[in-house]
1. Using only atoms on other chains, find how many Cβ atoms lie within 10 Å of each Cβ of peptide A:89-96 and report the average.
2. Is there a quick way to get the dipole size of chain A? I mean about its Cα centre, with the Cβ of Lys and Arg at +1 and of Asp and Glu at -1; what is the value in debye to the nearest 20?
3. Using the per-residue mean of other Cβ atoms lying within 10 Å as a proxy for protection, in what order, highest first, do the peptides B:64-74, A:85-95, A:52-62 fall?
4. Filter the cross-link list B:Lys74/B:Lys102; A:Lys64/B:Lys9; A:Lys64/A:Lys92; A:Lys9/B:Lys64; B:Lys9/B:Lys102; A:Lys9/A:Lys64 down to pairs whose alpha-carbon distance in this structure exceeds 30 Å.
5. Using just the C-alpha positions of segment A:18-108 as equal point scatterers, what log10 of I(q)/I(0) does the Debye formula give at each q in 0.17 1/Å?
6. For the protein assembly as shown, what is the largest minus smallest coordinate of the Cα atoms on each principal axis, given in angstrom and ordered from greatest to least?
7. Say a label goes 7 Å from Cα toward Cβ at B:Asn79 in every copy; what distances in nm does this one have to the rest, shortest first?
8. Please compute the contact order of chain A in relative form: average sequence separation of alpha-carbon pairs under 8 Å and at least six residues apart, divided by the residue count, as a percent.
There are 2 protein chains.
Amino acid sequence: MDDLTEMLKGTLEGCVLDIIGAEETYGYAITRRLNELGFTDVVEGTVYTILLRLERNGLVQVAKRPSGVGPPRKFYTLNDAGREERARFWAKWEYVSSRIDKLREGGR
Amino acid sequence: MDDLTEMLKGTLEGCVLDIIGAEETYGYAITRRLNELGFTDVVEGTVYTILLRLERNGLVQVAKRPSGVGPPRKFYTLNDAGREERARFWAKWEYVSSRIDKLREGGR
DNA sequence: TACCAGTACAACGTATCACCGAGTACCGGA
DNA sequence: TCCGGTACTCGGTGATACGTTGTACTGGTA
């Protein structure tokens, strides 16, 4: 699939939020997860910018722990604000995607 | 629904493309159509930027005609390149939205 | 020992996009 | 005559994903 960049704007952060919400995890693993989900072009740099943004906005709790197979990892968990934001994201997604699907079906 | 700006990036242009593809129309009417579709915060300035971009990228054919109820209108129609782009948009949308829905259902 | 691949994160700059605001202009009705 | 509705243009702003480069730790292997 060719360039999805623009279409991922505004949704990628929500996806990361959701992945963290499912279980405590770290940047490198999140990137792999997104790749295997089908977003093959998403690179580490992108995910780390999102993670730093989430941290700066106070949506996640961070814990640095050694990994054994490389440098230490920063593990992320959602806090209350993060869980709220995640719910808001899915509400928005539901809203937007349902309306676009309506347009597609020629819904006048 | 609160701010959808970021989530519309990359999809709004596709929506406009689709609306034009359905029938010959003009900026002001496209804005109204998007508003009634549920994208109530989309304003004329935004739509006109998209239309100028579509024109610059050679995806539409333009015809200026008097309106009778105000200043002349610029009517837009998709050309071959525009129809291709529209198809590409829906393919991308199908791809992205299906994968996000999968994430949402906890699809591991 | 020296090198390399895999893992892991950070920081810089860039392009694109939706939005905002202000401006121009045409028309009909109160 | 003014005002609301119609209709388009243009310049600037902020948010976001991406590309690139750099740092650094580990284990395997030639």
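Every read-out reported here was derived from the displayed coordinates using simple, explicitly stated rules and does not represent laboratory data. None of the values given here were measured: they were computed from a predicted structure. Counting neighbours? That spans all protein chains shown, and the Cβs are built from the backbone with ideal geometry, glycine included.
1. On the way: counts 2, 2, 2, 6, 6, 3, 6, 8.
Mean partner shielding for this stretch: 4.
2. Working: 17 positive and 17 negative charges, 55 e Å.
Dipole magnitude for chain A comes out near 260 debye.
3. Values: B:64-74: 10.4, A:85-95: 16.5, A:52-62: 14.8.
Ranking the peptides B:64-74, A:85-95, A:52-62 by packing returns A:85-95, A:52-62, B:64-74.
4. Numbers: B:Lys74/B:Lys102 41 Å; A:Lys64/B:Lys9 34 Å; A:Lys64/A:Lys92 32 Å; A:Lys9/B:Lys64 34 Å; B:Lys9/B:Lys102 21 Å; A:Lys9/A:Lys64 28 Å.
From B:Lys74/B:Lys102; A:Lys64/B:Lys9; A:Lys64/A:Lys92; A:Lys9/B:Lys64; B:Lys9/B:Lys102; A:Lys9/A:Lys64, over 30 Å: B:Lys74/B:Lys102; A:Lys64/B:Lys9; A:Lys64/A:Lys92; A:Lys9/B:Lys64.
5. -0.82
6. 72, 31, 26 Å, listed from the longest principal axis down.
7. 5.5
8. Relative contact order comes out at 26 percent.
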